[in-house]
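Trainee: Have a look at this one.
The values are calculated or read from the model by the stated rules, or taken from the named source; none is laboratory data. Just so it is clear, the structure is predicted and the values come from calculations on it, not from any experiment. Quick reminder, even Gly has a Cβ in these numbers, built from the backbone with ideal geometry, and neighbours come from all protein chains shown.
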Amino acid sequence: MSSGMGETTRTRSITSTLTARLSPTVPSASQTYEPLVRSALRQRLIHNIFAFSFAFTLLANFIFGGEGDTSAFARLLQPRTWAMGCFHWAVGVLPVVALRKVYLTSAATPATSPAKILTSAVAKSSTRRCLALYMSCAMMLTTLNLISFTSEEREHIRLNVFVKSRYVIQQSYCKMLGRKSRDGQRHSSAFEFKEAETSFRRHPYYLNGRLLFFIFAQLWLAASFVLRNIMLDRFVFRWTKSSNPSELPFTPSTLPKQILTMFLFTAFSSMTYSIAFGLSRMLALPLLLKLPVVSSLIQPFVAHFARGSWTLSLPISHWTLLVRSFTMGLMTLMNWEFAESLFDAYVPQPIKVGVLTADPNVTIVSGITFQDTVFAYFAYSELVELASDESRAGSARRTALFGDQKYSPSLWNVLARQSLLRLGQDYQTFLRRGASIAPIAVAAPVASKPKDPPSTPLIRKDIFKAPQRSPLGTVLDSVASDSKLSKAAEAVVGEVEERASQMHIPELFRSVVPSSVAAPAANVVSASPTPSIISGLIAQLEARSRDLVMGSCPVWMKEMAIKWNEWFYRERLNKVVEVCVPNRELDALIIEALSHLVCTSLSEDRYGVVQRDIPRILEAFLSFLSAIEEYQVEVNAKYIPPTPEELSQGNAKILEEKETIRIEVARAGEVLSVVSDALKMGVSNISRTFGDKLVAFKFPPRTARKLQSFVDYT
């Protein structure tokens with residue numbers, strides 16, 4: 001538009017605030033929940049696990065770390081004792097706790113027997129790293145203890161690295177002079193003494209056998225402790241629902257039990273080590289000294305160990321060395337066990353981080369979406385506390401959770417969907433009895449071969465009259481022409497090429513198929529028996545060796561070997577059930593949280609968003625419960641009580657087997673009851689709360705019949 005002054009006014013559109021705005025989604029757990037939980041776990045690690053394990057190491061060093069007549073109170077005032085205690089904790093305990101933190105996992109080992117547990121552990125690279133770290137810590141602790149000894153103490157316990165050979169020569173010479181033969185005449189040992197003196201001039205020092213025994217004992221105890229951790233599945237997260245102070249490892253009821261356990265374990269491991277060390281000295285060392293190359297390498301260091309007599313009772317004569325090795329190993333294992341127990345006690349305790357944020361509901365709901373089951377466990381523990389809180393603050397928080405309209409999808413939709421998804425996954429795992437999902441092989445679509453265009457058939461006959469030929473020329477022409485044999489060969493080659501194209505064989509293999517149709521088959525036939533022959537020979541060798549060993553063993557040893565083999569390879573029924581429900585503690589928390597929230601929604605849900613999901617929740621609960629009850633009947637049927645005839649006969653073997661099955665069935669029932677009790681309680685609470693109002697919902701026939709039994713009972 002132009003005015004009289006020649007100015008032009010531009011027309012602008014009117015802006016509006018009624019634009020469509022997308023609602024934000026619930027923040028991810030890595031932004032809101034995970035940093036808070038990691039911070040809480042870090043504080044527990046520093047203020048609880050590190051602090052208490054350090055105090056325990058110092059206390060053990062004050063009590064058992066001194067030598068001579070020095071009292072514990074006097075050692076308490078010595079700066080050297082404090083310094084050695086700090087070094088012991090830094091090099092012996094701190095790496096073990098750090099390793100436990102790094103390799104902590106929530107997935108238990110899916111093994112049903114000790115053999116499978118050990119086999120799966122050996123297959124992992126983390127097990128080898130753990131063994132190397134534990135042995136390294138044992139070696140560093142042993143080195144610190146040897147360094148802490150004074151020269152007088154070292155001479156007293158005789159743990160020097162090298163020992164002079166003259167002492168041994170003189171002692172052996174005196175013994176030989178006083179030794180008598182069977183006919184009562186003394187030995188003339190001048191030649192033997194001269195030979196020993198020549199050996200002394202060549203090797204004036206040799207390794208101290210007492211020191212080797214001491215060092216190998218500590219390495220053996222470290223390996224035994226790693227084996228104990230493997231059998232206990234120590235690196236798996238320990239589920240707990242409460243922070244009970246009586247479960248801490250330093251209470252008056254638990255600390256003596258730990259000390260007694262480690263005392264017995266160390267005593268048994270030391271006894272086993274003494275026997276193994278003696279057998280290696282009697283059997284392995286002489287064989288190594290007879291090997292051509294190995295003997296030249298180790299003879300200057302260990303040849304003196306092969307001299308003299310050796311029996312399994314010889315270590316008893318060195319009683320002070322055995323006591324020193326046992327005390328050192330007991331201190332090391334006690335420090336490790338106490339630190340491991342602190343980790344088991346403090347890490348699984350519930351963590352409350354929602355109250356530290358501006359919107360606790362958003363923090364908790366985002367936490368349950370975390371894929372790691374450990375973090376999800378902490379989030380559901382806090383959610384259960386919110387769902388069962390009967391205070392006004394708890395009611396207000398639940399009302400805000402149900403009425404959320406700020407996020408899309410809403411907080412309740414995310415909570416219900418994620419919870420049912422986790423329950424559904426565990427339900428499918430239970431139906432598969434813990435087996436993994438087999439990958440489905442999808443066949444590639446076969447490309448249809450295009451039809452050949454119509455063409456005029458080629459006439460292969462002569463249209464002109466051929467001149468008359470000789471008989472020899474006729475024969476040569478028949479061979480060179482398209483005879484029946486050549487046509488058959490071409491048909492075979494064409495068929496092979498067609499099948500190869502259908503089987504999607506690579507071009508490299510297609511090019512060699514026509515020229516070597518029969519050769520590969522012959523090669524396969526000739527090469528296939530080789531592995532079977534080798535495996536058969538190995539199996540026969542093992543069987544014959546086993547029969548030879550078992551034939552030379554006494555009867556009691558055979559019976560012990562049979563019992564050990566049965567214990568080691570037999571599958572435990574309770575372990576089989578544990579594989580079926582690996583996340584049973586987390587499932588129980590999910591069921592408890594959902595059931596409490598559904599019950600409180602009757603009075604606190606203003607918009608009825610929870611009621612729309614009640615049929616899905618009840619159907620999931622009852623389907624899971626029905627499957628568990630069916631499996632429980634199957635498990636209980638495995639135990640058949642002993643008949644009166646069996647009891648009267650008193651066959652100890654049959655009664656022992658049935659008692660073992662009864663114990664395993666009872667333990668399997670306890671495993672299944674973790675989920676089944678939570679499901680029964682959840683369905684009972686919902687049916688009791690809603691009562692006749694459940695008629696308004698539609699359920700499948702099987703779910704309705706199962707739910708009716710709960711309604712009738714309540």
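Trainee: Looking only at residues in the range 598-610 that are touching a residue at least 12 places away in the same chain (Cβ under 8 Å) and not β-branched (Val, Ile, Thr), which one is nearest to Glu670 (Cα to Cα)?
Mentor: In this case the residue turns out to be Cys599.
Trainee: So in the range 620-670, with the set limited to residues that are of a type in the set (A, V, I, L, M, F, W, C) and without any contact (Cβ under 8 Å) to a residue 12 or more places away in the chain, which one is nearest to Leu420 (Cα to Cα)?
Mentor: Val633
Trainee: Is it fair to say Thr714 is in contact with a helix residue (DSSP H, G or I) (Cβ under 7 Å, 6 or more places away or on another chain) and within 17 Å of His596 (Cβ to Cβ)?
Mentor: The answer is yes for Thr714.
Trainee: Output the number of residues of the range 333-362 satisfying the condition of being part of a helix (DSSP H, G or I) and more than 14 Å from Glu385 (Cα to Cα).
Mentor: 16
Trainee: Of all residues being over 14 Å from Leu386 (Cβ atoms) and not charged (D, E, K, R) in the range 599-613, which is nearest to the chain's Cα centre (by Cα)? Just the residue, please.
Mentor: Applying the filter and picking the extreme gives Val610.
Residue-wise test of (1) within 19 Å of Pro582 (Cβ to Cβ); (2) part of a helix (DSSP H, G or I); (3) polar (S, T, N, Q).
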position: Glu645; (1), (2), (3): no, yes, no
position: Glu659; (1), (2), (3): no, yes, no
position: Ser684; (1), (2), (3): no, yes, yes
position: Lys693; (1), (2), (3): no, yes, no
position: Lys698; (1), (2), (3): no, no, no
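Trainee: Okay, moving on. List the helices (runs of 4 or more DSSP H) that sit entirely inside the range 544-616 and contain at least 2 residues that are surrounded by 21 or more Cβ atoms within 10 Å (Cβ to Cβ) and not polar (S, T, N, Q).
Mentor: 573-580, 584-604
Trainee: Report yes if some residue within the range 134-155 is closer than 23 Å to Val374 by Cβ, out of contact with any Phe, Trp or Tyr (no Cβ under 6 Å at 6 or more places or on another chain), part of a helix (DSSP H, G or I) and at pLDDT 90 or above; otherwise report no.
Mentor: no
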